[in-house]
Amino acid sequence: MSNTINQLADIASMIEEARDAVAEGDLVDLAEIQGLVQDACLAIQANPSLDTDTVHEVVAGIIEELNQLAEELKAQ
């Protein structure tokens, strides 16, 4: 598994943790996630030969989780 895929998996895990914290009524700081997303995007652009199907699948999942987190934050 490439380093970029590992980065994306870490991001997905952090989003899950943030969603759990929001569900418990806690405040969350998304700055670290934002920075990691930016780094991952730059890595994907720099290495377009990555397994595009896997990258696309993981990124789509992250986008979905971020959308859910945004909705949960609105409700909070």
Residues of the range 26-76 that turn out to be out of contact with any helix residue (DSSP H, G or I) (no Cβ under 8 Å at 6 or more places or on another chain), within 13 Å of Gln7 (Cβ to Cβ) and aliphatic (A, V, I, L, M), as a count: 2
Take the residues of the range 25-43 that are β-branched (Val, Ile, Thr) and within 14 Å of the chain's Cα centre (by Cα): which is farthest from Leu69 (Cα to Cα)? Val37
Among the listed residues Leu8, Leu69, Leu36, identify the single one that is at pLDDT 95 or above, surrounded by 12 or more Cβ atoms within 10 Å (Cβ to Cβ) and in a helix (DSSP H, G or I). Leu69
For Thr52, work out the one condition from (1) without any contact (Cβ under 8 Å) to a residue 24 or more places away in the chain; (2) under 19 Å from Ser13 (Cβ atoms); (3) β-branched (Val, Ile, Thr) it doesn't fulfil. (2)
Just checking, does the range 9-24 include any residue being free of Cβ contacts under 8 Å to residues at least 40 places away in the same chain, over 16 Å from Leu73 (Cβ atoms) and within 10 Å of the chain's Cα centre (by Cα)? yes
Scanning for something surrounded by 12 or more Cβ atoms within 10 Å (Cβ to Cβ) and modelled with pLDDT under 95, does the range 13-26 turn up at least one residue? no
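The values are calculated or read from the model by the stated rules, or taken from the named source; none is laboratory data. These numbers come from a predicted model, not from an experiment. Note that we place each Cβ from the backbone using ideal geometry, even for glycine, and neighbour counts take in every protein chain shown.
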